[in-house]
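Chemist: Mind having a look at this structure? Questions to follow.
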Amino acid sequence: MAPRTALVPDPHGPGGRLQPLDDAGSPLGPPETVPDLAAAVAAREAAGSDRLPGPRWVWAAADSAYAPLLPRLPDRLARCHDLRLVEALLLAHEGRFGAPRSLGAAWSRLRGLPVPDDLPEPGSAESDDGQDTLFAPDRLQLPPGADPLAAVVAVHAEQQRRLAAIPDPAARHRLRLLVAAESAGALVAAEMTHDGLPWRTDIHDRLLTELLGPRPTVPGTQPKVLAELAVELQQALGGRPFNPDSHSQVLRAFADRGIQLGSTRSWELKGVDHPAAQLLVRYKELSRIHAAHGWAWQDAWARGGRFRPEYVVGGVVSGRWASRGGGALQIPRILRRAVVADPGWLLVVADAAQLEPRVLAALSQDAGLARTAAGGDLYEALAASAFHGDRDKAKLGLLGAMYGQTSGDIGPLLNTLRHRYPAAMGYVEAAARTGEDGGVVASRLGRVCPPASAAFLDLTEAPETAGEAGGRTARARGRFTRNFVIQASAADWALVLLAALRRRLNALPATVPADRPHLVFFQHDEVVVHTPANLADEVAAAVAEAADEARLLVFGDTPVRFPLTTAVVDCYADAK
DNA sequence: TCCTCTTGCGCC
DNA sequence: AAAGGGCGCAAGAGGA
C-alpha cells in the first residue's frame, strides 16, 4: 500500500486518474486511469483498513476533488493532503502571504512560468457566478495543455520539500501537524455540507410566525408584526412617515422630536428615554431575523430538512473557518430551536470553555495563569487569586488584555494583571509591539498573519506625514497581532480537535456508514455531532478524548486544561 | 439600472 | 482623546 496517492477527477465523467506516491511525493508507479474513480478510491481505502490506514489522498482542492466524489463513496476517506490549503500555509510561512495558491499558480511558480491569479471565489462580488464554476476544472488555473495529475504530483513533492526544509525541528513538526489538521478540516467541511445540519422547517416556520406573524402571502411584503411596529413607531415620532430601515430617516425623525442620536445602534437606543427608541429596538431585532433568517432564507438554504452551507476552511486569516451563504456561523440563538436530531438520533453539543484565555496561559507558560486554567471556571479562579473574588472584573480585564482594549475603567484591571501574570501579559504585549512595528506574528502551529501592507498600511499616506493617523493605524495593527496569536492558536487547537474527533467518530461501530455519528456543525470553539441515540455516550467520550489529544499535540506538556461543556440533547437550543 | 460603500447586527 | 479582535449578510445611500 502506497502511503500517498495523487487523485485527479475527470471533469466530464465518473472516471479519473491516480498515481501512488511515497511520503516525499516521489511516484511509486505509473499513473493509472480508472473508469470509476469513486470505486477505485473506495477499493484502495478499504485495502488499508486492517490496522493500516488507507493512503493519504493528495488532491488540488477538496471542493473540486472530494465534494463531487462524496455522494458516490461508500464511506468517508481517512486522510488527505489538500494542495491549495497547504500552499496558503506555506506561502504565509515563507513570507509570501497572499500569493495565488491554486494548483496552476503553484505549478507555474515551480516551472518559472507566469503565475495566474486565483479566480474569485464563487458567490463573491467579483465572480460573475455561472452556476457550475465551482467544480469546473479551470478553477485549478492550469495553463492549457498542462497535465493535471503531473501538476498535482509535482506541486505535492515541492510542498513536502518545503516542509522538510524548515530548519527548526520543532517548528517543522508543528507546521506538519497544521498541514494535516487543515487538510482534515477540508474533509470535514465537505462532509458537513454534504450531510447538512438537521433543520426542522416546521419549527422554524412556527417560530417566525410567533415573532413576525404569518408568512406574507405576497412575497416582498412586510410581515404583520413588522408593519404594525413601523406604524406605532411613526406615531410615536409625530406621525410623519419614514422608513425605519433607513438610518438617515430614523436620525431625522428623532431629531424632529428634539432627540439627537449619534447613531441608530441598539445599545445607544436602549439608553434613550423615549417610547420610540424601545419600539425601534424591537423593530430592528425582528426585522433582522426576518431579513437574515426568515422565510426567504428557509427557501434558499433549508430545504429537505437540512441546512447545507458551504464552509470555507482557513477563510479567516487566523485559521478560523468562514462560510459562504446562509450565514452559517451566525445562526441566531433563538432559531437553534429548529435544529433537532432525527428520530432515534441525538445531538452531542460540545464547546470549549473559556478557550482563548486558556490558550494564552498555555502559549505564555505563565505559571500563575496556568494555575487558574488547570480546571473548572478560569475566571472564577482568576477572580479568587487577583480580583478579590470579583469574577466580572477578572473576565473584563483578561478579555481587554487579549483584545487590546484601552477604554472604560480597564486600566487598573490591566495593571493588576500585569503585576500578577507578567509572562502572560508580556506575551500579548510583545505581540502587539511586533505588530505596531510592522512585523508579523504566528500561531502556535505556525500559521503566519498577513503583513502590515495588506490591510493596515494606507499607501496614499506618506509615512512622514502620517502622524496621528499613522499612530492610529499602528495601534490598530498592534491590536490585530495581539489578538492574532491567541485567536489563531485557539483555531489551531480547534482544528486538531476536529481532526481527532473525526477519526474517532469514523472508528465507531456502525452496521452501515450512514448510521455512523457524524459532525454536522463547527463554529470556532464548538462542535455538534449528530448520532444514533445509543452511541451518544461514546460520542461524548470521543469529544473529550479529542480535546485532550489536541491539548497534547498543540501545546505539549502544559498544566493548562481545555475542558468542554458537553450536552446530549434532542434540540440544539437545549444545549446551553 | 448597476455597482460600491457604509451601517448595523448576528455569531465566536 | 480615543475608545476590543475576527467574520457574513442585508439594506440604504449615493455615484456612475
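The values are calculated or read from the model by the stated rules, or taken from the named source; none is laboratory data. All figures in this text were calculated on a predicted structure; none of them were measured in a lab. Cβ atoms come from the backbone with ideal geometry, glycine included; neighbour counts cover every protein chain shown. With ligands, DNA and RNA removed, areas are computed over all heavy atoms of the protein, side chains included. Shrake-Rupley method; radii C 1.70, N 1.55, O 1.52, S 1.80 Å.
Chemist: Any residue at all in the range A:437-449 that is small (Gly, Ala, Ser), in contact with a Phe, Trp or Tyr (Cβ under 8 Å, 6 or more places away or on another chain) and touching a residue at least 60 places away in the same chain (Cβ under 8 Å)? Quick ask: steps written out before the conclusion?
Modeler: Start the filter on the range A:437-449 by keeping residues that are small (Gly, Ala, Ser), which leaves A:438-439, A:442-443, A:446.
From the residues that got through so far, the ones that are in contact with a Phe, Trp or Tyr (Cβ under 8 Å, 6 or more places away or on another chain) too are A:443.
Checking the rest, the ones that are also touching a residue at least 60 places away in the same chain (Cβ under 8 Å) come to A:443.
Yes: one or more hits.
Chemist: Considering only the range A:549-573, how many residues are in a helix (DSSP H, G or I) and in contact with a helix residue (DSSP H, G or I) (Cβ under 9 Å, 6 or more places away or on another chain)? Give the steps one after another, and end with the answer.
Modeler: Taking the range A:549-573 as the starting set, the residues that turn out to be in a helix (DSSP H, G or I) are A:549-555, A:572-573.
With the extra rule that they be in contact with a helix residue (DSSP H, G or I) (Cβ under 9 Å, 6 or more places away or on another chain), the set shrinks to A:549-551, A:553-555, A:572-573.
The total comes to 8.
Chemist: If we keep just the residues of the range A:232-275 that are under 30 Å from A:Arg337 (Cα atoms) and of a type in the set (A, V, I, L, M, F, W, C), which is farthest from DNA strand B (Cβ to nearest atom)?
Modeler: The residue in question is A:Leu233.
Chemist: On to the next question. Is there any pair with a first residue in the range A:327-338 that is closer than 9 Å to A:His293 by Cβ and part of a helix (DSSP H, G or I) and a second that is within 14 Å of DNA strand C (Cβ to nearest atom) and open to solvent by less than 20 Å² (accessible area, probe 1.4 Å) whose Cβ atoms are under 7 Å apart and which are 6 or more apart or on different chains, and what are they?
Modeler: Partner pairs satisfying both residue conditions: A:Leu335/A:His293.
Chemist: Right, another one. Need pairs with beta-carbon distance below 7 Å; first residue away from DNA strand B (no atom under 12 Å from the Cβ) and within the range A:286-306, second open to solvent by less than 70 Å² (accessible area, probe 1.4 Å) and of a type in the set (A, V, I, L, M); sequence gap 6+ or separate chains.
Modeler: Matching pairs, first to second residue: A:Gly294/A:Leu208; A:Trp295/A:Leu208; A:Arg306/A:Leu197.
Chemist: Go through the range A:151-190 and give me each residue that's charged (D, E, K, R) and open to solvent by less than 20 Å² (accessible area, probe 1.4 Å). Can you show your working first?
Modeler: Of the residues in the range A:151-190, the ones charged (D, E, K, R) are A:158, A:161-162, A:168, A:172, A:174, A:176, A:182.
Passing the criteria: only A:Glu182.
Chemist: Sort through A:Thr473, A:Thr565 and tell me the only one that's among the hydroxyl-bearing types (Ser, Thr, Tyr), at pLDDT below 95 and open to solvent by 10 Å² or more (accessible area, probe 1.4 Å).
Modeler: Matching residue, one of A:Thr473, A:Thr565: A:Thr473.
Chemist: What do you reckon, is A:Arg324 of a type in the set (Lys, Arg) and within 11 Å of DNA strand C (Cβ to nearest atom)? Break it down stepwise before answering.
Modeler: Numbers: of a type in the set (Lys, Arg): yes; within 11 Å of DNA strand C (Cβ to nearest atom): yes.
Yes.
Chemist: Name the single residue, out of those in the range A:291-321 being assigned to a helix (DSSP H, G or I) and touching a Lys or Arg at 6+ places or on another chain (Cβ under 8 Å), that is least open to solvent (accessible area, probe 1.4 Å).
Modeler: Selected residue: A:Trp295.
Chemist: Additional query: Look at the range A:216-229 and say how many of its residues are within 16 Å of DNA strand B (Cβ to nearest atom) and touching a helix residue (DSSP H, G or I) at 6+ places or on another chain (Cβ under 7 Å).
Modeler: Here is the first cut: in the range A:216-229, the residues within 16 Å of DNA strand B (Cβ to nearest atom) are A:220, A:225-226, A:229.
Among the residues that remain, those that are also touching a helix residue (DSSP H, G or I) at 6+ places or on another chain (Cβ under 7 Å) are: A:225-226, A:229.
The qualifying residues number 3.
Chemist: What is the number of the single condition among (1) within 15 Å of DNA strand C (Cβ to nearest atom); (2) touching a strand residue (DSSP E or B) at 6+ places or on another chain (Cβ under 7 Å); (3) among the β-branched types (Val, Ile, Thr) that A:Val527 does not meet?
Modeler: Tallying (1) within 15 Å of DNA strand C (Cβ to nearest atom); (2) touching a strand residue (DSSP E or B) at 6+ places or on another chain (Cβ under 7 Å); (3) among the β-branched types (Val, Ile, Thr), A:Val527 fails exactly one: (1).
Chemist: Still on this structure, please answer the following. Just one of the numbered conditions (1) more than 15 Å from DNA strand B (Cβ to nearest atom); (2) in contact (Cβ under 8 Å) with a residue 60 or more places away in the chain; (3) not in a helix (DSSP H, G or I) is not true of A:Asp351; which one?
Modeler: For A:Asp351, the failing item is (1).
Chemist: Go over the candidates A:Glu538, A:Glu545 one by one and state the one that is within 22 Å of the chain's Cα centre (by Cα) and open to solvent by 20 Å² or more (accessible area, probe 1.4 Å).
Modeler: On the way: A:Glu538 fails: within 22 Å of the chain's Cα centre (by Cα).
Checking each option against the conditions leaves just A:Glu545.
Chemist: Determine the pairs where a residue that is under 30 Å from A:Ala300 (Cα atoms) and assigned by TED's automatic domain parsing to the domain that holds A:Gln141, located within the range A:108-127, has a partner that is buried (at least 17 other Cβ atoms within 10 Å of the Cβ) and at pLDDT 80 or above with Cβ atoms under 6 Å apart, the partner being 6 or more residues away or on another chain.
Modeler: Listed by first residue and then by second, the contacts come to A:Asp118/A:Pro100; A:Asp118/A:Ser102.
Chemist: Confirm whether A:Val554 is within 26 Å of A:Arg172 (Cβ to Cβ) and either of a type in the set (Phe, Trp, Tyr) or open to solvent by less than 60 Å² (accessible area, probe 1.4 Å) (or both). Walk me through it before giving the result.
Modeler: On the way: within 26 Å of A:Arg172 (Cβ to Cβ): yes; either of a type in the set (Phe, Trp, Tyr) or open to solvent by less than 60 Å² (accessible area, probe 1.4 Å) (or both): yes.
When the stated conditions are applied, A:Val554 passes them.
Chemist: Same structure again: For the subset of the range A:394-442 comprising residues that are part of a helix (DSSP H, G or I) and either in the same structural domain as A:Ala88 (by TED's automatic domain parsing) or among the polar types (S, T, N, Q) (or both), which member is surrounded by the fewest Cβ atoms within 10 Å (Cβ to Cβ)? Walk me through it before giving the result.
Modeler: Within the range A:394-442, the first condition is being part of a helix (DSSP H, G or I), and the residues that meet it are A:394-403, A:411-420, A:422-436.
Filter once more, so that each one left must be either in the same structural domain as A:Ala88 (by TED's automatic domain parsing) or among the polar types (S, T, N, Q) (or both): A:415-416, A:434.
Values: A:Asn415: 12, A:Thr416: 16, A:Thr434: 19.
The extreme case among them is A:Asn415.
Chemist: So, one more: Just to check your reading of the model, which residue among A:Arg337, A:Arg358 is of a type in the set (Lys, Arg), surrounded by 22 or more Cβ atoms within 10 Å (Cβ to Cβ) and away from DNA strand C (no atom under 14 Å from the Cβ)? Write out each step before concluding.
Modeler: Values: A:Arg337 fails: surrounded by 22 or more Cβ atoms within 10 Å (Cβ to Cβ).
The conditions single out A:Arg358.
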